[in-house]
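**Q** This is the structure I have questions about; it appears just below.
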Amino acid sequence: MQRIAIAMQKGGSGKTTTAVNLAAALAENGTRRVLLVDCDPQGNATTWLGVDDPGRGMFAVLCEGAKVEDAIHRTTTPGVDVAPSSYWLVGAERALSGEVGAELILRRRLVELEGHYDVVLMDTPPTLGVLTIGALVAADRVLVPCEAHVMALNGLAQLMTTIEAVQDRLNEHIKVLGIVPCRVDTRTRHGAEVVDELRRRFPDKTSQVVIRESVRLAEAPSFGQSILDYDPKGTGAEDYRALADELNSRLKRH
């Protein structure tokens, strides 16, 4: 069971968009069973996947000792289940701040799912608090969506420092699976320059696939569908299918 945290501390990076659409692409054609764990109190992935009544969701798992399997909801996206966020999760940072080993809880809970899923994707908050650190400790790999804007590079540098600290102190096995340039506006020079800078700084980590800016990608959450269902022949679906293929190849090499 591959466990992949999707993390970026800057909002607007395409993190949740990548979590939902990559989950759909990995599960397409029945090739994998995918669980999306929504660790973000904003709950955008949960809402996008059509969960109207999540209960306490991941708050119960992290703070009340519940099993992940008891929180899981089926979705209308074939092959994709979700362990949802809820408004309760807003209080998780405070509830966990006094817990000894709080950052280890999610890792222990996910062990219970071995054999049930092929891939677990963890969508994290755009901050480096207990919830994000817990996901990094629980993960084998981390995927970093990075908006194609120069301001995103500072957030990326800070996240890479945090990943190194987690690797050194809490999870020696974690590796960066890829840095994915997102929201790339192919009509401007700036987007291409940021992608080039990412490839210069992180030549082995930056994905060859870029996620192009797309109106259809922005519309898909309003219809409760992944881009593969909402616009299956559009550029967004094409990009996320290509990203899934590239990440599969990277996972095999690692």
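We did not get these values from a lab; they are worked out from the coordinates using the rules stated. Keep in mind that this is a model prediction, so the values were computed, not measured. Cβ atoms come from the backbone with ideal geometry, glycine included; neighbour counts cover every protein chain shown.
**Q** For the list (1) surrounded by fewer than 17 Cβ atoms within 10 Å (Cβ to Cβ); (2) under 22 Å from Val119 (Cβ atoms), I need the number of the one condition that Tyr240 fails.
**A** (1)
**Q** Considering only region 94-109, how many residues are under 19 Å from Ala83 (Cα atoms) and either of a type outside the set (A, V, I, L, M, F, W, C) or in contact with a Cys (Cβ under 6 Å, 6 or more places away or on another chain) (or both)?
**A** 4
**Q** Separate question: Out of everything in region 12-34 that is out of contact with any Gly (no Cβ under 9 Å at 6 or more places or on another chain) and not β-branched (Val, Ile, Thr), what residue ends up being nearest to Pro78 (Cα to Cα)?
**A** Across region 12-34, the extreme among qualifying residues is Ala25.
**Q** Restricting to region 216-250, give me the number of residues that are aromatic (Phe, Trp, Tyr) and either more than 24 Å from Val51 (Cα to Cα) or within 17 Å of the chain's Cα centre (by Cα) (or both). Give the derivation first.
**A** Taking region 216-250 and keeping what is aromatic (Phe, Trp, Tyr), we get 223, 230, 240.
From what's left, either more than 24 Å from Val51 (Cα to Cα) or within 17 Å of the chain's Cα centre (by Cα) (or both): 240.
Final tally of qualifying residues: 1.
**Q** Moving to a separate point now. Can you name every residue in region 13-68 that is of a type in the set (A, V, I, L, M) and more than 21 Å from Asn248 (Cβ to Cβ)?
**A** Pass one, region 13-68, residues of a type in the set (A, V, I, L, M): 19-20, 22-27, 34-37, 45, 49, 51, 58, 60-62, 66, 68.
Across region 13-68, the qualifying residues are Ala45, Leu49, Val51, Met58, Ala60, Val61, Leu62, Ala66, Val68.
**Q** Quick check on region 210-229. Is at least one of its residues surrounded by fewer than 19 Cβ atoms within 10 Å (Cβ to Cβ) and touching a Phe, Trp or Tyr at 6+ places or on another chain (Cβ under 6 Å)?
**A** yes
**Q** Within region 173-204, restricting attention to residues that are in contact with a helix residue (DSSP H, G or I) (Cβ under 9 Å, 6 or more places away or on another chain) and farther than 18 Å from Val150 by Cα, which residue is surrounded by the fewest Cβ atoms within 10 Å (Cβ to Cβ)? Steps first, answer last, please.
**A** Narrowing region 173-204 to residues in contact with a helix residue (DSSP H, G or I) (Cβ under 9 Å, 6 or more places away or on another chain): 173-186, 194, 197-198, 201-202.
After this cut, where a residue has to be farther than 18 Å from Val150 by Cα as well, the list is 173-178.
Values: His173: 9, Ile174: 20, Lys175: 16, Val176: 21, Leu177: 23, Gly178: 23.
For region 173-204, the residue satisfying everything is His173.
**Q** With region 147-254 as the region, which helices (runs of 4 or more DSSP H) entirely inside it contain at least 1 residues that are of a type outside the set (Asp, Glu), over 30 Å from Val130 (Cβ atoms) and without any contact (Cβ under 8 Å) to a residue 60 or more places away in the chain?
**A** Qualifying helices (runs of 4 or more DSSP H): 189-201, 215-219, 227-230, 235-253.
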